[in-house]
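Below you'll find the structure, written out as structure tokens, and then a few comments.
The values are calculated or read from the model by the stated rules, or taken from the named source; none is laboratory data. Nothing here was measured: the structure is a model prediction, and the numbers come from that model. In this analysis, Cβ positions are derived from the backbone assuming ideal geometry, glycine residues included, and neighbour counts consider all displayed protein chains. These area figures cover heavy atoms from the full protein model, side chains too; ligands, DNA and RNA do not enter into them. Shrake-Rupley method; radii C 1.70, N 1.55, O 1.52, S 1.80 Å.
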Amino acid sequence: MGLLDKATRFAATAKDQYAELRDARDAAAVKPVAAAPLSDHEQQVLRHAIACGAPDPDALISRPEASHIVGVELGGARLVYDDSSVGVVFAADGRKHDSWSVAVSAWHGDEDGFDPAEQYRFVAEHVAGDEIGGLGQHALWDGSRLFVLAEPLLFHVEVRTPEGGERRGEAIAVARRVLARIEG
């Protein structure tokens with residue numbers, strides 16, 4: 001074995017060791033975002049949403065399930081909500097403003113009731129996207145969110161990672177977990 005062969009082998013070994021150290025450093029730099037106790041307002045929002053047909057958001061997906069899907073340790077569930085849905089988000093932050101999150105929100109009605117199929121039709125008419133087979137009665141991917149109708153539930157999933165781009169596969173994996181929990 002010549003000197004050039006030894007140098008090449010040494011350089012390849014050093015490169016592999018550097019890559020392992022860099023990956024370990026980057027993994028150690030990921031910090032789960034801690035969940036905070038619900039404020040009085042959030043507790044009120046949650047009670048109202050459940051009274052109007054939403055399931056308990058904590059029953060939709062667990063932190064370990066969400067962490068497994070994105071491949072990093074995520075923090076505890078934080079409540080997310082708007083006028084028509086309530087859910088949970090699990091998140092982690094990393095170096096250079098990297099972030100990971102998995103959010104699942106179940107839709108609900110108001111005091112007049114809730115028709116998940118009607119709401120899904122509304123979404124399908126107003127959101128451009130692709131129908132996804134094999135998830136509930138209907139599923140629609142709009143490029144960043146996955147809407148799933150599994151009566152009596154309508155929910156949407158959003159997955160974000162530092163790589164960006166479409167997270168369709170991860171969103172489908174989350175939806176399958178949610179469906180397994182509500183059907184099982």
Subject >> Residue-span extension gain [GLU151 to GLU42] - 0.36 nm each, minus C-alpha spacing >> reply: 36.7 nm
Original post:
So, with a 1.4 angstrom probe, what is the percent of accessible area on segment 43-184 that is carbon and sulfur?
Top reply: 45 percent
Original post:
Out of these labelled values of Cα Rg over 2.2 N^0.38 Å, (1) 1.31; (2) 1.26; (3) 1.14, which was calculated from the coordinates shown here?
Top reply: (1)
**OP:** For SER99 and ALA35, calculate 0.36 nm times their separation in residues minus their Cα-Cα distance, and state this gained length in nm to one decimal.
**Re:** 21.5 nm
Subject >> Residues GLU118 and ASP56, FRET efficiency given R0 of 22 Å [Cβ-Cβ distance, rounded to 0.05] >> reply: 0.45
Original post:
What nm distance separates the two modelled labels at LYS15 and ARG181, each placed 7 Å from Cα along Cα→Cβ?
Top reply: 4.4 nm
**OP:** Please give the per residue accessible area of the chain, computed with a probe of 1.4 Å over protein heavy atoms only, in Å².
**Re:** 58 Å²
